[in-house]
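What follows is a single structure, written as structure tokens, with notes after it.
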Amino acid sequence: MIRVGTASWSDPGFIEDWYPPNLPARKRLPSYAEHFNLVEVNSSFYAVPSPTVVARWCDETPDDFLFDVKLHRLLSRHSTQLKLLPRGLRSMARTHKDRVELTPRLERSLIKIFLEGIQPLEEAGKMGALLLQLSPSFRPREYSLDELDHVIELLKGHQLAIELRHREWLTGEQKEATVAFFKKRHVTLVTVDAPRREHFMVMPSEDVVTDRKLAYLRAHGRNAHGYVAGRTVAERFDYDYSNRELEEIAERAEQLAETVRETHVVFNNNKSSYAPRAAARFRRIVERAGVPTAAS
């Protein structure tokens, strides 16, 4: 089975160019769920969602709908200001130049609060994967993948997908060790569709299955200049996929689907209505190939 969706359902470009005009904010998620059965939650990267809000998401979506949830930016090794932590954790945090230092104690406490926040998804059977989107600064020359073992252990029992964002993890001699690390821990290594450029921030578009339960493909578009130099989401992911390119991605997804229980394909080319329109065209392509995109 291949599930298809977009990264966020409330991107400004979606609101301006995809949803019906003047659609109230409270009706956006139900409207989105009329088209797709998967969405990637992006807001959780910036703030831990509250159980009340998450429960409302569950109420607003069909029974077979799934949410992939992006983990908080501090867990992803991104530079994080103190104000972006939950209030109850700020007193325990150490800072350096107004940036929070990630300690094992803080990591444990943040994950506990995060999992409590998304508990309604678990209870409703709508929890997909937890996405750890690492910072490009997390690179082999300075860090070891073993440093992720603590967060992996704390999330044991949850479907975890990790997106590496420094090219050296999957090139040269390092690639074999990287794949072995993920396979040993049964963690999904996120694969991407990205620009064809050998910049350190651009991951190679290679498909490797590291967990038989889930394959996760994120389509970032192929705008090489914007991806590297863009300052906003719309600039970085300003790319409208052609049908031929979507067919290429579909072929990759179909090959992944042959060896895993479920494949998630998330379109992150978030400028204007590019992502939802690409996701809809992509879904039609895989359905014509006879691959199910909804639970039977």
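The values are calculated or read from the model by the stated rules, or taken from the named source; none is laboratory data. These figures come from a predicted structure and were not determined experimentally. Cβ atoms come from the backbone with ideal geometry, glycine included; neighbour counts cover every protein chain shown. Accessible surface areas use protein heavy atoms only, side chains included; no ligands, DNA or RNA. Shrake-Rupley method; radii C 1.70, N 1.55, O 1.52, S 1.80 Å.
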Those residues that are of a type in the set (Ser, Thr, Tyr), under 19 Å from residue 112 (Cβ atoms), open to solvent by 20 Å² or more (accessible area, probe 1.4 Å) and in a loop (DSSP other than H, G, I, E, B), I need them from region 49-92; list them, please. 50
State whether one or more residues within region 177-184 are charged (D, E, K, R) and outside any strand (DSSP E or B). yes
Could you figure out which of (1) among the aliphatic types (A, V, I, L, M); (2) modelled with pLDDT of 95 or more; (3) open to solvent by 10 Å² or more (accessible area, probe 1.4 Å) isn't true of residue 229? (2)
Which members of region 24-48 meet the condition of being hydrophobic (A, V, I, L, M, F, W, C) and either open to solvent by 40 Å² or more (accessible area, probe 1.4 Å) or part of a helix (DSSP H, G or I) (or both)? 25, 29, 45, 47
Condition first: farther than 25 Å from residue 227 by Cα, surrounded by fewer than 19 Cβ atoms within 10 Å (Cβ to Cβ) and without any contact (Cβ under 8 Å) to a residue 24 or more places away in the chain. Can you find one or more residues in region 278-286 that meet it? yes
Within region 192-285, which helices (runs of 4 or more DSSP H) (wholly inside it) include 1 or more residues that are more than 22 Å from residue 138 (Cα to Cα) and in contact with a helix residue (DSSP H, G or I) (Cβ under 7 Å, 6 or more places away or on another chain)? 233-236, 243-257
So, residue 163, is that one at negative phi and open to solvent by 50 Å² or more (accessible area, probe 1.4 Å) or not? no
Taking region 1-25 only, how many residues are more than 22 Å from residue 293 (Cα to Cα) and in contact with an Asp or Glu (Cβ under 8 Å, 6 or more places away or on another chain)? 0
Flagged in region 166-176 as surrounded by fewer than 17 Cβ atoms within 10 Å (Cβ to Cβ), touching a residue at least 12 places away in the same chain (Cβ under 8 Å) and in a loop (DSSP other than H, G, I, E, B), in numbering order, are 171
